[in-house]
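To start, the structure under review is shown below, and the notes come after it.
The values are calculated or read from the model by the stated rules, or taken from the named source; none is laboratory data. Quick caveat, the model's predicted, so the values are computed rather than measured. For neighbour counting, all protein chains shown are included, and Cβ atoms are generated from backbone atoms with ideal geometry for every residue, glycine included.
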Amino acid sequence: MPTAARHAYFPALTLAALAVVVPVGHARADVDLTGSWNVYFQGGSTGVWNITQNGTTLTVTVPGETFGGFINPQTGSFQVYSPFTPCPVVFLATTSPDGNAFNGDVYNTVPSCPGGPNTCTCVASGPSTANGRGCRVGAGGDCCGDHVVGATEECDNGPEPADACCDATCHLRASGSSCTADANPCTDDVCNATGTCTHPALGAGTSCFDDQNACTTDACDGAGTCAHTPVVSGTPCADDGLFCTTDACDAGGSCAHTPLAAGTPCPDDGQVCTTDACDAGGTCTHTLVDVDGDGVCDVFDACVDGVALTKARLKVGRYGTPPGDDRLTVKGDMTPPPNPPLDPIADGLRLVLRDSPDGVFLDVTLPPGAYSVATRTGWKVRGTGFDFVTPQVVGGAVKAAHLRRPASLPGVVRVAISGKGGSYVTGVITPPLEVSVVVGPAGGQCAEATFGPASCSEHSGVAACD
């Protein structure tokens, strides 16, 4: 056991976890270690120990150092400990039946104090750090551990780990016995008939350590190497969270995130004024558009085939006074496509008004649904047209809407929307003003009209455009 500068052993610590059983009182000296011993440690360290045994107490002297210890004379089990603090290095060993040899292991220990400083004991901090063997000087015969194969020995490589192919009595372990591992998951570790620890390769396909790459397999190649072979190209792998890329293994064993074709639709950003499509770099882009070419990107850009609201007239009154008395009139003709047929009972109607500096100042939807006697609200069929009536102001602006089909104007829908008692705008309305009317969700079921400054006038709090 290596020597070191002498230190006082911490008396509060005991070797409870490692100590041999020591009989109370003076035991019969079945084993007496007193004398000089040649001691050999794993790794080539050798030395002479001069041991004095007094009952169950041992004193071990080496050049420049003295160690203490205890022995059970009846069993031959003993321990020798270094004077290191707070916990010693301990050599635990057992003598041979004739008392002329011993074999043991070296352990490091650390304090364990489960109940506080006054409850500390020393416990092993891990597996044995070295194997040691000793032979009594002058005993004669073969000394197992001295690196000399004697007449009664089959092998002697000095002290070795417990899984070496030469056992603690210097005899060969059986061929095929497990021996010291070489840390290679693709080899076996077995003794051969001559006492050598061999490492033959495991069969091809044996599982080995995972390289944490989803695009490779992890298996031994049959030659002792853990191979990480690429999986079939196209195998799904970790999602990068981007809609516009595929996530699949490539031929080289990497998880590739290849952009989808440019123009592939991607998640809608909820904005009617953008298209939602993948670009060539794999990004979902949202490009601003003005589909209907009116110079304004708005909800009606989805109505690519929108028509003009002709003969349009707009009147907004009392908008500069406190809320609750605003008035509104919108009139005009539109010629929507014949299909799908006009059906506000199914589709409702939407009206949007905007001015140049402030944008939308009115956006109201008259809900679909046939007239209800209970609520006195809804759409009524009037010949070839429809009327919307309600006792309440809808959207703070509208109380009635009329859609007519003049017999003298085939295909034309005459629109009239009115309201009073509204609360939709306060302040100044500045031309140009734009009116948008939507009568159906399909393309073309909408109409727009724009009134420039020359088309509008303001008098006594009433803005009129035609």
Looking across the range 181-192 at residues that are out of contact with any His (no Cβ under 8 Å at 6 or more places or on another chain) and in a loop (DSSP other than H, G, I, E, B), the single one that is farthest from Ser254 (Cα to Cα) is Asn192
Among strands (runs of 3 or more DSSP E) entirely inside the range 315-421, those with 2 or more residues being at pLDDT below 90, surrounded by fewer than 16 Cβ atoms within 10 Å (Cβ to Cβ) and in the same structural domain as Gly440 (by TED's automatic domain parsing) are 359-366
Note on the range 113-144: residues assigned to a loop (DSSP other than H, G, I, E, B) and closer than 25 Å to Phe84 by Cβ are Cys113, Pro114, Gly115, Gly116, Cys120, Ser125, Gly126, Pro127, Ser128, Thr129
Counting only residues in the range 114-139 that are closer than 17 Å to Ala168 by Cβ and over 41 Å from the mean Cα position of the chain (by Cα), the one surrounded by the most Cβ atoms within 10 Å (Cβ to Cβ) is identified as Gly134
All conditions in (1) in contact with a Phe, Trp or Tyr (Cβ under 9 Å, 6 or more places away or on another chain); (2) in the same structural domain as Pro88 (by TED's automatic domain parsing); (3) not acidic (Asp, Glu) are true of Gly150 except (1)
In the set Gly176, Gly224, Gly195, the lone residue that is surrounded by 17 or more Cβ atoms within 10 Å (Cβ to Cβ), outside the structural domain of Asp105 (by TED's automatic domain parsing) and part of a loop (DSSP other than H, G, I, E, B) is Gly195
**Asked** Is it true that some residue in the range 105-113 is surrounded by 16 or more Cβ atoms within 10 Å (Cβ to Cβ) and under 24 Å from Val137 (Cβ atoms)?
**Response** yes
Among strands (runs of 3 or more DSSP E) completely within the range 42-110, the ones holding 2 or more residues that are hydroxyl-bearing (Ser, Thr, Tyr) and in contact with a Gly (Cβ under 7 Å, 6 or more places away or on another chain) are 89-95
Among Ser77, Ser96, Ser45, the single one that is loosely packed, with under 15 Cβ neighbours inside 10 Å and of a type outside the set (Asp, Glu) is Ser45
Here the residues within the range 198-217 that are within 41 Å of the chain's Cα centre (by Cα), outside any loop (DSSP other than H, G, I, E, B), surrounded by 15 or more Cβ atoms within 10 Å (Cβ to Cβ) and not aliphatic (A, V, I, L, M) are Thr216, Thr217
